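The values are calculated or read from the model by the stated rules, or taken from the named source; none is laboratory data. These numbers come from a predicted model, not from an experiment. Ideal geometry is used to build each Cβ from the backbone, glycine not excepted, and the neighbour counts take in all protein chains shown. SASA here: full protein model, heavy atoms, side chains in, ligands and nucleic acids out. Shrake-Rupley method; radii C 1.70, N 1.55, O 1.52, S 1.80 Å.
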Amino acid sequence: MERLIHVLVLVFGVVMAWNCGVLAASVWAYSIPTLGISEAFKYIPPAMAGVLVALFSLEHLIALARGVEVEPSWH
């Protein structure tokens, strides 16, 4: 069950990153009138967040396959 959850979260992260990237590419030519920058800048942070979510789940899947515990970096 734990592996299934991590696979589903991994898929969610990949789909989120991909679709936010597609959305950013589709609005790249438009600018935010008050700021004068591309509309795509609104969608780049969620795309990067999707990549980080996917990497988080991938790390946990690798740890589960190796039979080790993921150690938090803040310890």
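Some points to look at:
- Per this entry, residue 10 is not counted among residues that are in contact (Cβ under 8 Å) with a residue 60 or more places away in the chain and open to solvent by less than 80 Å² (accessible area, probe 1.4 Å).
- Number of positions in segment 29-47 that are part of a helix (DSSP H, G or I) and surrounded by 13 or more Cβ atoms within 10 Å (Cβ to Cβ): 7
- Checklist (1) among the hydroxyl-bearing types (Ser, Thr, Tyr); (2) more than 16 Å from the chain's Cα centre (by Cα); (3) open to solvent by less than 100 Å² (accessible area, probe 1.4 Å); (4) within 23 Å of residue 2 (Cβ to Cβ) applied to residue 73, failing item: (3)
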